[in-house]
1. Excluding residues on the same chain fewer than 8 positions from residue 212, give the lysines whose Cα lies under 19 Å from its Cα.
2. Taking only Cα atoms and a 10 Å spring cutoff, compute GNM fluctuations for the chain and point out the largest among 22, 187, 202.
3. Could you calculate the FRET efficiency of residue 197 with residue 24 from 1/(1 + (r/R0)^6), where r is the beta carbon distance between them and R0 is 25 Å, rounded to 0.05?
4. Please calculate the 1.4 Å probe accessible area of residue 78, with all protein chains present, and give it to the nearest 10 Å².
5. Helix check for the chain. Which DSSP H runs span at least 15 Å along their own axis by Cα, with a mean Kyte-Doolittle hydropathy no less than 0.0?
6. For the chain, modelled as a Gaussian network with Cα springs under 10 Å, which listed residue fluctuates most, 151, 43, 159?
7. Taking the Cβ of residue 52 as the centre, find all other residues whose Cβ is under 13 Å away and add up their charges (Lys, Arg: +1; Asp, Glu: -1).
8. Can you compute the equivalent ellipsoid semi-axes for segment 219-260, i.e. the square root of 5 times each eigenvalue of the Cα gyration tensor, sorted largest first and rounded to whole Å?
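The values are calculated or read from the model by the stated rules, or taken from the named source; none is laboratory data. Since the structure is predicted, the reported quantities are computational estimates derived from the model, not experimental observations. All Cβ positions, glycine included, derive from the backbone under ideal geometry; neighbour counts span all protein chains shown. When the accessible area is computed, the model is the full protein with side chains, heavy atoms only, and any ligands, DNA or RNA have been set aside. Shrake-Rupley method; radii C 1.70, N 1.55, O 1.52, S 1.80 Å.
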Amino acid sequence: MTSLAIESAATAEDDLAYINDEGTPDLASYDRFVCFFSTGKDSLAMVLHLLELGVPANKIELHHHNVDGDPAAGEGLMDWPVTLAYGEAVARHLGMGFQTSWREGGIEREMCRQETRTAPVVFYKDGQRIQTGGVNGPLGTRRKFPQKAASLSVRWCSSASKIDVGVAYLRNDPKFQNQRTLVVTGERAEESSSRARYATFEQHRADGRGGKFARHIDHWRAVHSWSEAQVWQIIQRFSLQFHPAYELGYGRVSCLLCVRIEEPMGDESRDRAACLRPGRCL
């Protein structure tokens, strides 16, 4: 075994998280697994990888961030109309829990924000709506579409609608207290030079193992070293239907109107994708 040191104010036992020579953490040491599930091929592969490694399906939560906000509010601006139903179907088929969270008003509200606070994060627990944030933050103005850049300060959609939403969820749901949780995400080094620099295993931003709630949360990028071929191979082994966007020729599944969308059929693809939503054609 090789060891990876993690800063912590907790006991000596919690100061080290152990990974084997293949970069896999000690999965048996965790009480629960939260897979932040975009529904794209890489996030699907990481989920299936957990199953192949022997993690029980009933310990795994597929968690999807609704980038357009509350799905009950109707169709939004950015996401594929089929994404939420697809994610639910995958979880049901694999016997896993399915949870969602979102920033109120989604990307569109944040994009149009003018002299207002960033909206609160919302999730449901046992049928009860939980809302956190959006009250004491500074007033600010956005009024800019996310930019095609590696920096999250200008490609702000990822942080505002996904990363920060996930952190708020982990910090505010009591089920993570006095538990060891492994957050799993599907970034791959092959995708970009910036993603290649990501740590494969690290302490999660929402970790609080040294605090009064003993919220131990680690973060594992389970397919970080994988090739795209390996991703498709594991999906084939499980004979699962992948997201319909791939059937349309898209090489990645993110938001329907993602600034980084790949062009399967030339420069008109984003316009064509936009027209999948009535009244939203560019």
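1. 175
2. 22
3. Working: r = 20 Å, r/R0 = 0.82.
That pair, residue 197 with residue 24, gives E of 0.75.
4. Near enough 10 Å² of accessible area.
5. Values: long enough: 41-52 (16 Å, 0.68); 83-94 (17 Å, 0.30); 228-238 (16 Å, -0.15).
Within the chain the helices that satisfy the rule are 41-52, 83-94.
6. Greatest mean-square fluctuation among the candidates belongs to 151.
7. Values: positive: 237; negative: 22.
That sum, taken over residues with Cβ under 13 Å, equals 0.
8. Working from the Cα gyration tensor, I get semi-axes of 20, 16, 9 Å.
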